[in-house]
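To keep things clear, I will list the structure first and then write my remarks on it.
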Amino acid sequence: MQIKIKKLQGSEVEIEGEIAADEFESKREEALKEVSAGVNIPGFRPGHVPEKILADKIGEQAILEKMAEMCLQKAYPSILEENKIEAIGRPEITITKIATNNPLGFKIKTAVLPEMELPDYKNIAAQIIKKKEDVSVEDKEVQQTIDYLRKSRARKDEQGKEILPELNDEFVKGLGQFKDVEDFKNKIKENILLDKKAKMKEKKRVEILDKIISSMKIEVPRVLIEAEKNKMLNEAKANISQMGMKWEDYLKHIKKTEEEILAGWENDAIKRIKHGLVLNKIVETEKINVPEAEVKEEAEKIVEYYRNSGQNVDQNRVREYTYNMLKNEKAFQLLEKC
């Protein structure tokens with residue numbers, strides 16, 4: 001089979017070629033069985049209709065089209081593998097020539113992973129990581145947390161006036177494993193500090209990726225953008241549901257349609273995709289590996305968490321999510337050591 005591959009704009013390729021006549025015809029018997037299985041003709045069992053009667057009933061073209069479908073289902077993965085084409089999404093297939101005892105002509109257009117050349121990402125990461133930023137906790141932040149906790153456990157008197165519980169050792173021991181008020185305040189301060197450090201770490205990670213992609217030209221395929229926007233939509237719906245709201249009511253509240261929301265996410269979706277592509281390229285370049293035992297252990301924790309919450313999850317999807325999460329974490333850890 002001879003093919004021609006042409007690169008198109010938008011990170012797509014067009015594959016044009018022909019499948020030899022004998023290979024095309026070799027699918028006839030299999031195609032006849034599959035097509036006849038869905039055809040009811042009085043006097044014949046499904047799947048046992050003679051070829052001539054079947055062709056008269058549904059037409060020779062329908063049989064040829066089924067033969068073409070079977071040929072291309074077999075040929076397409078081989079074409080991708082032999083030509084090292086990293087296809088994504090559904091291909092767009094056009095039959096250019098189809099006839100009995102003739103080669104099958106076709107064109108396939110598919111989106112592919114963008115070609116990328118990474119800049120000096122280690123140097124970029126080092127420049128950002130070395131910037132020192134002080135992280136501290138003020139007394140008023142601790143007090144705000146204490147006030148919130150006291151209000152959440154307030155009671156009302158006979159006149160409906162809110163009465164806050166007294167901040168004493170008994171109160172704090174009822175909230176958790178705290179020795180006394182002083183220990184309670186110290187633990188709150190530690191938790192706020194840990195939260196701030198985690199947010200600072202995440203901010204620097206995003207800054208590293210933003211700096212890397214700013215010096216690259218990445219053509220993001222439309223199919224990836226639409227898939228990412230749909231992923232963001234599902235995340236938003238899940239968050240709204242957790243807040244006890246219906247999605248339709250939320251749309252009415254913000255006075256927007258779903259289509260308007262999706263359109264507004266275009267740039268964010270592209271950035272998220274570019275971040276993911278860059279991380280994948282770094283993982284590939286650095287030959288980062290995640291041991292199967294590590295993936296299994298983390299995946300089991302996630303599955304157990306959802307089971308305890310009364311939810312069933314697809315274990316294959318959890319494993320894929322876990323692998324990607326650990327892979328990205330290892331890439332970030334490498335960058336943070338630069």
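We did not get these values from a lab; they are worked out from the coordinates using the rules stated. Values in this document were obtained by computation on a predicted structure and should not be read as measured data. Here Cβ is always computed from backbone atoms with ideal geometry, including for glycine, and neighbour counts include all displayed protein chains.
Go ahead and set up a Gaussian network model of the chain, Cα springs under 10 Å, then flag whichever of R319, R205, R307 fluctuates most.
R307
Averaging sequence separations of C-alpha pairs under 8 Å and six or more residues apart, then dividing by the length of the chain, give the relative contact order as a whole percent.
Details: 329 pairs, mean separation 53.9, N = 338.
Relative contact order of the chain: 16 percent.
Mean-square fluctuation check for the chain, GNM, Cα pairs under 10 Å: which of S11, S36, S152 is largest?
Comparing S11, S36, S152 in the GNM, the peak value goes to S152.
Using the beta-carbon distance between L334 and D183 and R0 = 45 Å, what value does 1/(1 + (r/R0)^6) give for FRET efficiency, to the nearest 0.05?
That gives a FRET efficiency of 0.75.
In the structure displayed, which of K237/K337; K97/K274; K217/K252; K6/K330; K140/K173 lie more than 31 Å apart, Cα to Cα? Kindly include the intermediate steps, with their values, before the conclusion.
Working: K237/K337 37 Å; K97/K274 38 Å; K217/K252 39 Å; K6/K330 36 Å; K140/K173 22 Å.
Those over the limit are K237/K337; K97/K274; K217/K252; K6/K330.
D for the chain, whole µm²/s, Stokes-Einstein with Kirkwood Rh over alpha-carbon pairs at 10 °C and 1.306 mPa s: what number? Don't skip to the answer; put the middle values down first.
Details: Rh = 26.5 Å.
Translational diffusion coefficient: 60 µm²/s.
Treating cross-link reach as a plain straight distance, find the aspartates and glutamates whose alpha-carbon is under 16 Å from the alpha-carbon of K189, omitting any fewer than eight places away in the same chain.
List returned: D134, E138, D139, E141, D147, D180.
Identify the residues of the stretch 221-251 with backbone N under 15 Å of a label point that sits 7 angstrom from the Cα of E260 along the Cα-to-Cβ direction, or state none.
Inside the label zone: 248-251.
Translational diffusion coefficient, Stokes-Einstein: compute it for the stretch 74-170 using the Kirkwood radius over C-alpha pairs as Rh, at 4 °C and 1.567 mPa s, and state it as an integer in µm² s⁻¹. Don't skip to the end; give the middle numbers.
Working: Rh = 21.9 Å.
Rounded to a whole number, D works out at 59 µm²/s.
Taking the Cα centre of the chain as origin, sum charge times position over the Cβ atoms of Lys and Arg (+1) and Asp and Glu (-1), and report the length of that vector in debye to the nearest 20. Can you show the working numbers first?
Details: 62 positive and 65 negative charges, 134 e Å.
Dipole about the Cα centre, nearest 20: 640 debye.
Which of these, L72, L224, L194, has the largest mean-square fluctuation under a Gaussian network model of the chain (Cα springs below 10 Å)?
L194
Let me know the shape class of the stretch 288-338, please: from the alpha-carbon gyration tensor, a ≥ b ≥ c as square roots of the eigenvalues, rounded when a/c is under 1.5, otherwise prolate if a/b is greater than b/c, or oblate.
Numbers: a/c = 3.01, a/b = 2.42, b/c = 1.24.
It comes out prolate by the Cα gyration axes.
Under the rule of -39500 (n - 2.57) per DSSP H run of 4 or more residues, summed and divided by the residues of the chain, what mean residue ellipticity at 222 nm is obtained, to the nearest 500 deg cm²/dmol? Kindly include the intermediate steps, with their values, before the conclusion.
Working: 14 runs with 204 residues, N = 338.
So the helix-based figure for the chain works out to -19500 deg cm²/dmol.
How big, in percent, is the set of alpha carbon pairs in the stretch 203-254 lying more than 15 Å apart? Provide the component values of the computation, followed by the final result.
Details: 884 of 1326 pairs.
Considering the stretch 203-254, 67 percent of its Cα-Cα pairs are separated by more than 15 Å.
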